[in-house]
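Just so you know, all these numbers are worked out from the coordinates, no wet-lab data involved. None of the values given here were measured: they were computed from a predicted structure. Cβ atoms come from the backbone with ideal geometry, glycine included; neighbour counts cover every protein chain shown.
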Amino acid sequence: MSHHHVSFKDLPEGGEKFDPAKASKVIGTFGALAAIGLLGSAYYAFGTHGDTQKGFAYSWLYAIFVGFTFVAGGTFWILLHNASNSGWGVAVRRLFENLGTMALPLGILALPLLIPGVQNTLWEWFGHHRAHPGLEGLHHAAESDPHLHPLVDKYGYLNITFWTIRFVLYFGILWFISTKLRSYFLKQEADGDIKHTVYAREFACMVLLPFALTVTFAAVDWIMALDYTWFSTMWGVYHFAGCAWSSMAAMLLLVIYLQSLGYLQKVVTGEHFHLMGKLLFAFTVFWAYIAFSQYFLIWYANIPEETRFYFIRNTGVWRNVSIFIVIGHFVVPFVFLLQQQLKKSPKFIGFWAAWVIFMHFVDIYWNVIPERAHSMGLEPAPGSDTPFLPGAWVGDVLALCAVVGTIGYLYLRSLGKHSLYAWRDPRLLESANVRN
Amino acid sequence: MSNLKRVHGYLAEFDNAQDLYHAAEHIRDAGYQRWDCHTPFPVHGLDGAMGVSRSKLPWLVFFGGMTGTITAFVLQTITQTNFWRDNMGMGFLQKLVETYPTVVQSKPTGIWTLPAFFPVMFELTILFSAFTVLFGLLALIGLPRLNHPLFTSKKFAKFSDDGFLICIEARDPKFAQQGTRDLLEKVGAKNIELVEDDI
């Protein structure tokens, strides 16, 4: 075997520092996307009125949730890595740590969701709560409008104060977990003590549950609650699967890009692409399993209050998107990611990682946007059977550009602050020489 | 019983896993095809050192699994829907098995009842894959068999305790009584034994 065994002599002292100037093209592209997106979003948010402005609230929620899935996914992978005491990923773990810390800027971008007008548009229950304050008020109103009964029953969870606390907690928890975990290894880079690895493991085990609750209830609060009468117990797991899937794909692309710039040459090998590709494959299957379980139970049981979600997505134009998701989100990546040799090739895995990210955008779009036209009470245009807010897709694209551009820009620049990998981690060599 | 014996090959012993690993690299580079290593525990990277190519088993399993999916799909749609009659023009299939389209919760009797059939399609995919793994593996490695020529060697039992053994078989085109022995000696083998099997 010509496989060269990497030792500490091959690795630079102090790790590899990323120089953002080298990646100025990509960082500049993200910056330009962010600028165009933010300007366009500002126009939609403040320069338009009526339905166009209201519809843009959905665009922004969509974009924020896409960003959230990537950040939560980054946090998940470092948690899993530390809690399971694994060694293979030390060479790429720092990239995930940095992705998790993007929870803070994302939280700032998400602030518009705290504006009462936006909340009343997106989540009808906010409007009802504001019109009939307090449990007593809701109870009273429910006597004349039976549709409000669920809100009375759900008052302990769905109320504005608790919702706002949770909103802050979601971003706070993700940010705290990822910064804390990264800080253990930054301390280790200063003193080289193995105890930090042990602390990180203990910490990761302790925050696994808070993390799981964060992802679950963020998805419930922001997307499921778009229709307060609808519920699905698979919801949190469904979006967790999307988080892990999309962030792994993003990090695969990043590693390939960094290698093309000359970084990570010694510590990351085809074996890492294979391992990350395997996880990508695993979550392709896991997502399909969860998505189908959720669909199957609701479709088969055929209970009116449950079927509404799939009814609006399985009729008209959205039906085509649903079928496209089944094929593009599961069948096609499944078949191609199945082969071992192909997963070791950066070109191949890079293409499928890009495809995965695209399909993830489509998946979240399909989760958030169909609700818009129905919530706003729009009728289908003549000759169509699906209601749409005309031209709203422009706002969706602009919002996505704004959030993905801003987070991508800040993220790539943040890579330069520390070494690209934990260079004094006791298992760095194990990771660099990993075979599977 | 005849007194004739058939040469099975050379069985050579090595001191440890490292010696065996490097010897395997040399034997691979010398171009031998029909040979194998026997160790008490798995040696990481030995497949690479031996130059073992990828098994064909995954391809068998892929098509085995697909057979399962298709079997489940066809069986269920023939017996429980009107898909083959209405969409494929193959109504005779349904007559053949006397089907009753199953209507549950007012589901359609066409192809769009498909989700209801997924669990069985999934299960049969797994079942057929598992069968292909097991029986394909047995076929590829030539099991079950009643005996093996290597069992005639007293030394061979050590492979499950502390022996690191390499056997180069006589049916290898490169096998030569003296040449192969020289090669094994050169790569550091101890106790080279010519294994002969009763005919």
With T = 20 °C, eta = 1.002 mPa s and Kirkwood Rh from C-alpha pairs, the Stokes-Einstein D of region B:21-79 in µm²/s is about 146
Just the C-alpha atoms of region A:313-398: what Rg/Rh do they give, with Rh taken as the Kirkwood radius?
1.11
For region B:47-88 and region B:117-164, compute the distance between their C-alpha centroids and round to whole Å.
21
What is the helix-to-structure angle for A:235-260, meaning the angle in degrees between its Cα long axis and the longest Cα principal axis of chain A, kept from 0 to 90 and rounded to the nearest 10?
40
So for chain B, what are the equivalent ellipsoid semi-axes in whole Å, largest first, each being the square root of 5 times an eigenvalue of the Cα gyration tensor?
56, 18, 14
Using every pair of alpha-carbon atoms in region A:346-436, split the distances into 5 Å bins beginning at 0 and state the percent of pairs per bin, rounded to integers.
2, 9, 11, 14, 14, 13, 10, 8, 6, 4, 4, 3, 1, 0
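Report the rotationally averaged projected area of region B:58-138 based on its alpha-carbon convex hull, in square nanometres.
Approximately 5.9 nm², given one-decimal rounding.
Over region B:57-140, what relative contact order in percent results from Cα pairs under 8 Å that are six or more residues apart? All intermediate terms of the calculation are to be shown ahead of the outcome.
Working: 93 pairs, mean separation 39.5, N = 84.
Relative contact order comes out at 47 percent.
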Taking a cut-off of 18 Å between Cα atoms, list the aspartates and glutamates near B:K190, but don't count ones fewer than 8 places away on the same chain.
B:E13, B:D15, B:D19, B:E25, B:D36, B:D161, B:D162, B:E169, B:D182
Most mobile of A:W352, A:W88, A:W230 per a Gaussian network model of chain A (Cα springs, under 10 Å)?
A:W230
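By the scheme Lys and Arg +1, Asp and Glu -1, what is the net charge of all other residues having a beta-carbon under 13 Å from that of B:G31?
Taking every Cβ under 13 Å from that of B:G31, the sum is 0.
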Kirkwood Rh over Cα pairs of the protein assembly as shown into Stokes-Einstein at 25 °C, 0.890 mPa s: D in µm²/s?
85
Taking springs between alpha-carbon atoms closer than 10 angstrom, which of B:V187, B:V133, B:V103 fluctuates most in the Gaussian network model of chain B?
B:V103
Can you pick out the pairs among A:K343/B:K186; A:K266/A:K343; A:K278/B:K174; A:K9/A:K195; B:K158/B:K186 whose Cα atoms lie more than 29 Å from each other?
A:K343/B:K186; A:K278/B:K174
Using Cα pairs closer than 8 Å and at least 6 residues apart in sequence, work out the relative contact order for region A:166-265, in percent.
22
Give me, ordered by chain and number, the residues 5 or more places off B:F164 or on other chains with an amide H under 5 Å from its own placed amide H.
B:F14
